[in-house]
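In what follows, a structure is listed as structure tokens, so that the remarks can point back to it.
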Amino acid sequence: MSKRHIQRREMLRGAAALMAWGYAMPLSVWADEPANIPVPSPASQRDPRNLRKGLIIPTPYEEGYCDQPYTVITHDGSWLCIITTGRGREGDRGQHIVATISADQGRTWSTPVAIEPADGPEASWAMPLVTRSGRVYVFYTYNGDDLRTWQGKPIRADTVGWYCYKYSDDHGRTWSDRRYRLELPLAAVDRTNTFGGEHQIFWGIGKPIVVGTTVYFAFSRCGKHLIDDSEGWFFRSDNVFTEKDVEKVKWQLLPEGDRGLRNPDYGEVHAEQNLVFLADGSLFCMYRTLTGHPFSAYSRDGARTWTTPLPATYTPGGRLMKTPRACPRIWRCANGKFLFWFHNHSEVSGGGWRGRNPAWLAGGVERDGMIHWSQPEILLYDPDPEVRTSYPDLIEQDGRYWITETQKTVARVHEIDPALLEGLWAQGEDRMVARTGLVLELQGEACAPGEVELPETLDVEASGGMALEVWFRLDRIAGGQILLDSRDEAGRGVALTTT
């Protein structure tokens, strides 16, 4: 910002602060201390939100495909990351699942080990689970019928086949030779699908959750190849977490009835369901649609029945959340609070900044059996607006937080500042004024209409960004009121206005 003055057009009854750099927390603006963080050029290269600052998770194919880098912490303290990968593009023959291990929190990784081979039928969309004994299971879609064509035409087969799982008893270094198959009886969505029920279409995202000793994981079944006419289903096991004999593990398919979790009033796409649990063991599910909004539902009886899925809101009955047809991922943290990854716009198939870049994060807290979400902050972005990032995962260890994500050809891990998360969770309660990186603060009579000189030129290219913190009260709610204005004659600068 070249101009060193800020004009106050309307009375600010409260306080205003201007700070450079950092995450834009609610009602604030601040910067990291220059002594703590070096200032390379361009500024975006020192921004921890920049995807390119993340640590790469290696895959077997430098120019190939990688997706869903889902990570668990094994009983030896290492990170075990399961990735769907292949030499070509998504869905090409040779797509399979691999495991890689990090003993130093993502700085280095072992050579990937194939859980299913590249020269076998497609194996995709693996979800890992660590049990009480330390055994690790992975659940995945497997093209067990080796389907290649349908009605004389070649087809993509990575969402077609059997639901299978394998296990490892050495923290992911080797895997069972045998694969086990989950029973998936035909439902209405299967009987009328593209293949007339001869083959099933499904896939899953996220990881299983453990509620006490009961394990749940969500997946989507489809009626139209490749992934349309979709609905949510759930596998539940009351003994996989504790049972050492694989042959004795039992599974239940839910919800009860012939239809999965969906609301036909909102179209045919109800997919990529994922779960968290509440304090009383209730389940909360979030998933994607083609409406421009994520949908959510609650189950109070262990996934047997669900509330009618509706567009997700920040608070019960409140403002709608927005996201395109992209993975809307939720997590429950060790402190019992929640995080939600989404893209905060309603362009269902937009490109550029209307696609899957940037990724936003909201914090959730439980009140009276419902999740209340904060307003979101930008978590990660790529400077190229055409880059798409999705299928994230959360790693929590020793009081620290990391997010993994993929752009389909590169998977990375990013450490997240806990202060960002604490700020989200406390957003509706925290009344403290931010102090770190403070550039300008006004209060009382200093907020009267007029002009104030900044102590120095505000150079957001050097600082990497800025945020504003303002507490104010308006006498009228009309649009067009200017609270703060630093624009020059050419309109360059920053203005804070009502709409």
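Where residues in the stretch 378-404 are charged (D, E, K, R) and either open to solvent by 20 Å² or more (accessible area, probe 1.4 Å) or assigned to a loop (DSSP other than H, G, I, E, B) (or both), which of them is nearest to Thr323 (Cα to Cα)? Checked the stretch 378-404; the qualifying residue nearest to Thr323 (Cα to Cα) is Arg388. Might you let me know whether the stretch 445-466 holds any residue that is touching a residue at least 40 places away in the same chain (Cβ under 8 Å), open to solvent by less than 40 Å² (accessible area, probe 1.4 Å), under 26 Å from Tyr314 (Cβ atoms) and not hydrophobic (A, V, I, L, M, F, W, C)? Yes, the conditions are met somewhere in the stretch 445-466. Listed by first and then second residue, the pairs with beta-carbon distance under 6 Å, at least 6 apart or on different chains, first residue in the stretch 476-490 and within 16 Å of Thr457 (Cα to Cα), second part of a loop (DSSP other than H, G, I, E, B) and open to solvent by 20 Å² or more (accessible area, probe 1.4 Å), are Ser486/Met1; Ser486/Lys3; Ser486/Gly493; Ser486/Val494; Arg487/Gly493; Asp488/Lys3.
Highlighted here are the strands (runs of 3 or more DSSP E) found entirely within the stretch 240-293 that include at least 1 residues which are of a type in the set (Phe, Trp, Tyr): 271-277, 283-288. Count of the stretch 385-408 residues, restricted to those that are under 20 Å from Ser102 (Cα atoms) and either touching a Leu at 6+ places or on another chain (Cβ under 8 Å) or not aliphatic (A, V, I, L, M) (or both), is 15.
Conditions tested, residue by residue: (1) at pLDDT 85 or above; (2) under 29 Å from the mean Cα position of the chain (by Cα).
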site	(1), (2)
Gly423	yes, yes
Ala446	yes, no
Pro449	yes, no
Met466	no, yes
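Considering the stretch 177-220, the residues that are free of Cβ contacts under 8 Å to residues at least 24 places away in the same chain and either touching an Asp or Glu at 6+ places or on another chain (Cβ under 7 Å) or of a type in the set (Asp, Glu) (or both) include one that is surrounded by the most Cβ atoms within 10 Å (Cβ to Cβ), namely Gly197. Among the listed residues Leu339, Leu320, identify the single one that is open to solvent by 10 Å² or more (accessible area, probe 1.4 Å), touching a strand residue (DSSP E or B) at 6+ places or on another chain (Cβ under 9 Å) and among the aliphatic types (A, V, I, L, M). Sole residue among the options that is open to solvent by 10 Å² or more (accessible area, probe 1.4 Å), touching a strand residue (DSSP E or B) at 6+ places or on another chain (Cβ under 9 Å) and among the aliphatic types (A, V, I, L, M): Leu320. For the stretch 190-197, the count of residues that are assigned to a helix (DSSP H, G or I), farther than 20 Å from Ile330 by Cα, of a type in the set (Asp, Glu) and out of contact with any strand residue (DSSP E or B) (no Cβ under 9 Å at 6 or more places or on another chain) is zero. The requirement of being over 21 Å from the mean Cα position of the chain (by Cα), free of Cβ contacts under 8 Å to residues at least 40 places away in the same chain, farther than 17 Å from Asn193 by Cα and open to solvent by 20 Å² or more (accessible area, probe 1.4 Å) is satisfied by Glu247. Checking each residue in the stretch 151-189 for being assigned to a strand (DSSP E or B) and farther than 16 Å from Glu122 by Cα picks out Lys153, Tyr167, Ser168, Leu182. For first residues located in the stretch 313-332 and touching a residue at least 24 places away in the same chain (Cβ under 8 Å) and assigned to a loop (DSSP other than H, G, I, E, B), partners that are surrounded by 19 or more Cβ atoms within 10 Å (Cβ to Cβ) and among the β-branched types (Val, Ile, Thr) and lie 6+ apart or on another chain with Cβ distances below 6 Å form the pairs Cys327/Ile205.
Taking residues in the stretch 90-110 that are on the phi > 0 side of the Ramachandran plot and in contact (Cβ under 8 Å) with a residue 40 or more places away in the chain, and partners anywhere that are outside any loop (DSSP other than H, G, I, E, B) and surrounded by fewer than 16 Cβ atoms within 10 Å (Cβ to Cβ), the pairs with Cβ atoms closer than 9 Å and at least 6 places apart or on different chains are Gln105/Gln397; Gln105/Arg400. Scanning the stretch 111-121 for residues that are among the β-branched types (Val, Ile, Thr) and in contact (Cβ under 8 Å) with a residue 60 or more places away in the chain, which turns out most open to solvent (accessible area, probe 1.4 Å)? Of everything passing the filter in the stretch 111-121, Val113 is most open to solvent (accessible area, probe 1.4 Å).
Of the candidates Thr59, Thr84, Thr74, Thr100, the single residue that is within 22 Å of Asn357 (Cα to Cα), of a type in the set (S, T, N, Q), buried (at least 16 other Cβ atoms within 10 Å of the Cβ) and modelled with pLDDT of 85 or more is Thr84.
The values are calculated or read from the model by the stated rules, or taken from the named source; none is laboratory data. Treat the numbers as computed from the prediction; the structure is a model and nothing was measured. Using ideal geometry, Cβ is built from the backbone for each residue, glycine included, and neighbour counts are taken over all protein chains shown. Surface areas here come from the heavy atoms of the whole protein model, side chains and all, with no ligands, DNA or RNA. Shrake-Rupley method; radii C 1.70, N 1.55, O 1.52, S 1.80 Å.
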